[in-house]
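Written below as structure tokens is the structure these notes are about.
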Amino acid sequence: MPIRHSALLLFASLVTAAAPAPLLEYREYPGNVDPKLRLFARFECAAPTGVLLVNMHGWHGGVKKPHTDDVPDPLAKNYFVISPEMRGRGDATGQPDCNGWELQDVVDAVEFARRHYRDRIVSPEIVFLSGGSGGGGNVFALLGKFPDTFAAARAYYGISDYALWHTFDSKGEFRDELEGIDGKDPKGRPPWIGGSPETNPEAYRSRGGLTTVGNLLTPTLVFHGSDDARVPVMHARLWVGAAHGAGRGALVNYHEQAGVGDNRLHNANETKEQLAFRTRTGEQFLRTHRTPPVLPERGAFVVAGYLKTARFEVVLDSIDRVGRVDYDLATGRFEVRAATARRAILRVRSGSGGDWRETEVECRP
């Protein structure tokens, strides 16, 4: 018995020694938009391995320096979590552009994690997406710009229409950054969009997930407080309603939290029971949806500045423009239409994992 007991202890110690330590790194990673930018994210995994989960911070929030706009994710400890630092926050350089090219930085962080931490990631083809407040707005926009990237998504208290948000921002808390004061945001940076919904309407449309909700291929869980004053509940109601109108309602699971929210915090007054339900529902949702979306062989997508899929990409001549692409992968037919964009870059991949072919095309009206 003593010998057997000692052998078991030795085996246990060897297993313990072999298990990797919990990962928590805030580090720089490369992007593919502008090589001069310095991009940062926090990469963490409490367990030896985990499924990828991208967690977006709030509008005024950040990763290195948290903010009350950030909505904590109680499920993060169960996954390999990537928390991208949006441009101009923490150690990240560059200017915020409100769901413009800053969203490409998010996908670049995922690609970096797949390469650099491949031994810590389970099923790297599965990527979950989550975010609250401004991060919830990022979730809505990411699903429209990268429709076949995420297996499941959760949006909490998210902004779906930035023109609407601008209109109801009576305190000017967010409006100043959206359009700038004397051409700059309160910190002296260029405006995050520029102008107002009246002077620059298409740019506001291109940033909101409401514009691209018809592109939805990802099962999405939405929570919103009925009394949220900072991001009014109409943002969720409009996005969910538009998803149903576009024939995507089966992909959406919406829960409106009665009495939750005020003019300070999105989840103010959330009861223990409501938090427990939100946590339990979120965990079950991610356990249920673990199959990456499949891109249809033919169809049409709205292009809000740019659209990126596993098989083809369309980049309009400005992220402030909105267009449409009709495509047929079997015949190789692509047609890009836009009201104001004149040209677009079309990149098409030859087969699964093949080379990319890039051409410049003229946008049809």
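Key figures for this structure:
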item: Alpha-carbon centroids, the stretch 288-359 and the stretch 113-128: separation in whole Å; result: 25
item: Cβ-based exposure ranking for Met234, Met86, in which fewest neighbours within 10 Å come first; result: Met234, Met86
item: Taking Arg248, Arg207, Arg87 and counting other C-beta atoms within 10 Å, the order from fewest to most; result: Arg248, Arg87, Arg207
item: Sequence-separation-based contact order of the chain, relative, with Cα cut under 8 Å and 6+ spacing, percent; result: 12
item: Positive minus negative residues near Ile181 (Lys, Arg vs Asp, Glu; Cβ under 15 Å); result: -2
item: The stretch 297-365, relative contact order in percent, only Cα pairs under 8 angstrom and at least six apart counted; result: 29
item: Residues Glu256 and Arg333, FRET efficiency given R0 of 35 Å [Cβ-Cβ distance, rounded to 0.05]; result: 0.25
item: Cβ charges +1 (Lys, Arg) and -1 (Asp, Glu), total dipole of the chain, debye; result: 840
item: Where GluC sites (Glu not before Pro) fall in DSSP loop in the stretch 289-359, at most 16 other Cβ within 10 Å; result: Glu297
item: Pairwise label distance in nanometres, Asp355 with Asn263, each label 7 Å out on the Cα-Cβ vector; result: 6.1
item: Label of the coordinate-derived value, volume of the Cα convex hull per residue in Å³, listed as (1) 162; (2) 216; (3) 182; result: (1)
item: Helical mean residue ellipticity (222 nm; -39500 (n - 2.57) per DSSP H run of 4+; nearest 500) of the chain; result: -7500 deg cm²/dmol
item: Helix 2-18 vs. the chain, principal-axis angle (Cα, 0 to 90°, nearest 10); result: 20
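Every number here is computed from the coordinates shown, using simple stated rules; none is lab data. These numbers come from a predicted model, not from an experiment. Cβ coordinates were reconstructed from backbone atoms using ideal geometry, including for glycine residues, and neighbour counts include every protein chain displayed.
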